[in-house]
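The values are calculated or read from the model by the stated rules, or taken from the named source; none is laboratory data. Please read all numbers here as calculations on a predicted model, not as lab measurements. Cβ placement follows ideal geometry from the backbone for every residue including glycine, while neighbour counts extend to all protein chains displayed.
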Amino acid sequence: MNSVTVRVPAKVNLQLAVGPLRDDGYHDLVNVFHAVSIFDEVTATAETGMSVRVEGESADQVPGDRDNLAIKAALALAGHAGRSYGVHLFIRKSIPVAGGMAGGSADAAAALVACNELWGLGLPLEDLMEIAADLGSDVPFALLGGTAVGTGRGERLTPLDVAGTFHWVFALADGGLSTATVYAECDRLRQATGERVAWPQAAEPLLAALREGNAEILGTELRNDLQPAAVMLRGSLARTLDAGREHGALGSLVSGSGPTCAFLARSEAHAGELAASLKDAGVARDVITAHGPVPGPVIV
Ligand code: C5P
């Protein structure tokens, strides 16, 4: 086998409860991840050495070579196998870059799956999960897909039962936001307001809405503790979120550390209408529709 292509979805966080800052610089979370139908494709081709090429959505903003998380994933996998394998990774991006939809984590997860196959390693998912957790807090979920609760820094996952399909609209912003900067702003705001930081807990009504496939309730339960920080850093997001509510979204929130905003619709048709209204309102660089949950990385 000379080449393996893996398709991998983006995620949105349905609840992101951020606990106190830990000594290691991370925060304990309750992070309800939900994989949605916006996909990157990673093709791994046998080669001596490690290299990467990126095409598509904001490809020029993705780091090349060893700073690229997908290359880091391939190196970590080769290290785990104790061999100096080579690979060329070709990444076709549709997931917004630095958009709070775990695009880099998705590419890393796809690289792990593609190289595991290309190099004939046959490692089980549990082994890939361990390597993934060292690469980044969101990479284990990117290997899993579907809908899951992440605890710890988000890497300890429990899959959730979800009935049916939810329909989403995503408003893409110009430029990205650094995850570390948004967490630091969250800490700064909490300190400035003297907010007591509670231990993060999964919201039962949200989990019930997912189990029952109840979009109305899910819409009212969407919550992201990073949202005030993302809006503080990117003031224009307040208008984007307002526009979603004005145009009949069941709920709206900043996705992860932003700046992408997510809006829940009643149906596929409603998502199309909402997307058209948000495009007309001129509150985003681009507006796309998607559905979730979708499965994790798939070899195509
Ligand atoms: O794990 P990852 O490299 O994706 O995290 C990026 C940054 O996000 C971390 O350096 C940290 O500043 C912040 N973070 C955090 N708490 C988490 C996850 C990420 O503070 N649970």
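Tell me the residue from ALA78, ALA108 that is in contact (Cβ under 8 Å) with a residue 40 or more places away in the chain and under 28 Å from GLY25 (Cβ atoms), please.
Working: ALA108 fails: in contact (Cβ under 8 Å) with a residue 40 or more places away in the chain.
Result of the check over ALA78, ALA108: ALA78.
Looking at ARG188, ARG196 in this structure, which one is among the basic types (Lys, Arg), surrounded by fewer than 13 Cβ atoms within 10 Å (Cβ to Cβ) and within 16 Å of the ligand (Cβ to nearest atom)? Give the derivation first.
Numbers: ARG196 fails: within 16 Å of the ligand (Cβ to nearest atom).
Sole residue among the options that is among the basic types (Lys, Arg), surrounded by fewer than 13 Cβ atoms within 10 Å (Cβ to Cβ) and within 16 Å of the ligand (Cβ to nearest atom): ARG188.
Condition first: within 12 Å of the ligand (Cβ to nearest atom) and surrounded by fewer than 19 Cβ atoms within 10 Å (Cβ to Cβ). Now tell me which residues in the range 165-182 satisfy that.
Step one: list which residues in the range 165-182 are within 12 Å of the ligand (Cβ to nearest atom), which gives 177-182.
Those that are within 12 Å of the ligand (Cβ to nearest atom) and surrounded by fewer than 19 Cβ atoms within 10 Å (Cβ to Cβ): SER178, ALA180, THR181.
In the set VAL87, VAL113, VAL97, which member is among the β-branched types (Val, Ile, Thr), within 16 Å of the ligand (Cβ to nearest atom) and assigned by TED's automatic domain parsing to the domain that holds ARG53? Steps first, please.
Values: VAL87 fails: within 16 Å of the ligand (Cβ to nearest atom); VAL113 fails: within 16 Å of the ligand (Cβ to nearest atom).
Exactly one residue qualifies, and that residue is VAL97.
Can you tell me which residue among ALA262, ALA249 is buried (at least 20 other Cβ atoms within 10 Å of the Cβ) and closer than 30 Å to LEU112 by Cβ? Working first, answer last.
On the way: ALA249 fails: closer than 30 Å to LEU112 by Cβ.
Of ALA262, ALA249, the one residue that is buried (at least 20 other Cβ atoms within 10 Å of the Cβ) and closer than 30 Å to LEU112 by Cβ is ALA262.
Wholly within the range 56-171, which strands (runs of 3 or more DSSP E) include no fewer than the required count, namely at least 1 residues that are polar (S, T, N, Q) and touching a strand residue (DSSP E or B) at 6+ places or on another chain (Cβ under 9 Å)? Spell out how you get there, then give the answer.
Values: elements: 87-93, 147-151, 156-159.
Strands (runs of 3 or more DSSP E) meeting the threshold: 147-151, 156-159.
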